[in-house]
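Structure first, then comments.
Here, each number is a calculation from the coordinates, and none is a lab measurement. Quick caveat: nothing in here was measured; it's all calculated off a predicted structure. Heads up, the Cβs are rebuilt from the backbone with ideal geometry, glycines too, and the neighbour counts pull from every protein chain shown.
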Amino acid sequence: MTEPKLTDFTQPTPQLVEWTRDLVPGSALDIGTGNGRNALFLAREGWAVTANDTDQALLTELAKSFKSQNLTGNFIEGNISNLDLHESYDLVVCLMVLHFLDALQIIAAVDRLKAVTKPGGCCIISAFTDANPTGTRPYLFAHNGLRDAFATWNILHYEEHLGSWVLPPGKTDPIQYMTARVLAEKPAV
């Protein structure tokens, strides 16, 4: 048996690359940016990026990466559950972040992401589903739960499937998690 190919966390998320291919660049918000691989990709594609994370050290490093590549961006420290957002965005990206919240926080977080998306703009969100082992993360979306959260929006893509191989912290064997992903367009006013 061949070794599974692990997710390359230095490259942008493949679904983000694919799903933004036909979108006209505008303003983008990347929630839980981590090392900024998706924020950097969007900025290189012409998006005006605001990157958010709870880790200021990661944001500082990301700002240096932006500067070294002659890119501009905004960097906001905070947790999505209490982040003070005053602007609206053409694209809101929140990949593999929401399942770290508890059930009460996640509903409010999804509502906040939807609220800061401009009419005609899009959200790209992914999170683990409840098809994963108990204890995988604090909150897991039920089957079609992420789709249902965008029931009044135009769902451009939706999928639930085994995601890429990852090596969880402290583990020696790679695993695949069941993941839900949505690309949804907010109805124009």
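Computed 3J(HN,Hα) for region 100-115, one whole-Hz value per residue from the Karplus formula 6.51 cos²θ - 1.76 cosθ + 1.60 where θ = phi - 60°, is 7, 8, 8, 4, 6, 5, 5, 4, 5, 5, 4, 4, 5, 4, 5, 5, glycine and proline marked x. Report the FRET efficiency, 1/(1 + (r/R0)^6), for Leu156 and Glu77, where r is their Cβ-Cβ distance and R0 is 25 Å, rounded to 0.05. For R0 = 25 Å, the calculated efficiency reads 0.25. Distance between the 7 Å Cα→Cβ label points at Ser88 and Thr134: 4.4 nm.
Given their separation in residues at 0.36 nm each and the Cα-Cα distance between them, Asn144 and Glu18 gain 43.2 nm when the chain is fully extended.
Based on Cβ point charges of +1 for Lys and Arg and -1 for Asp and Glu, what charge dipole magnitude is obtained for region 14-185 about its Cα centre, in debye rounded to the nearest 20?
The dipole magnitude comes to about 240 debye.
Amide H contacts for Ala127 (H built 1.01 Å from N in the peptide plane; partners 5 or more residues away or on another chain; cut-off under 5 Å): Met96, Ala180. Using the alpha-carbon centroid of each, what span in Å lies between region 19-55 and region 111-181? When both Cα centres are located, 18 Å separates them.
Straight-distance candidates among the aspartates and glutamates for linking to Lys118, with alpha-carbon spacing under 17 Å and chain neighbours fewer than 8 residues away dropped: Asp30, Asp84, Glu87, Asp90, Glu185. Report ³J(HN,Hα) in whole Hz for each residue of region 54-71, in order, from the Karplus equation J = 6.51 cos²θ - 1.76 cosθ + 1.60 where θ = phi - 60°; Gly and Pro get x. Each residue of region 54-71 in turn: 7, 9, 4, 4, 5, 5, 5, 5, 5, 4, 5, 5, 4, 4, 5, 9, 6, 10 Hz. Derived scalar couplings between HN and Hα for region 79-85 equal 9, 3, 6, 9, 5, 8, 10 Hz in order, rounded to whole Hz, by the Karplus curve 6.51 cos²θ - 1.76 cosθ + 1.60 (θ = phi - 60°), x for Gly and Pro.
Straight-line reach from Lys171: taking Cα to Cα under 26 Å and skipping same-chain neighbours fewer than 8 places apart, the lysines in range are Lys5. For the chain, the alpha carbon positions stretch 43, 40, 32 Å along the principal axes, listed from largest to smallest.
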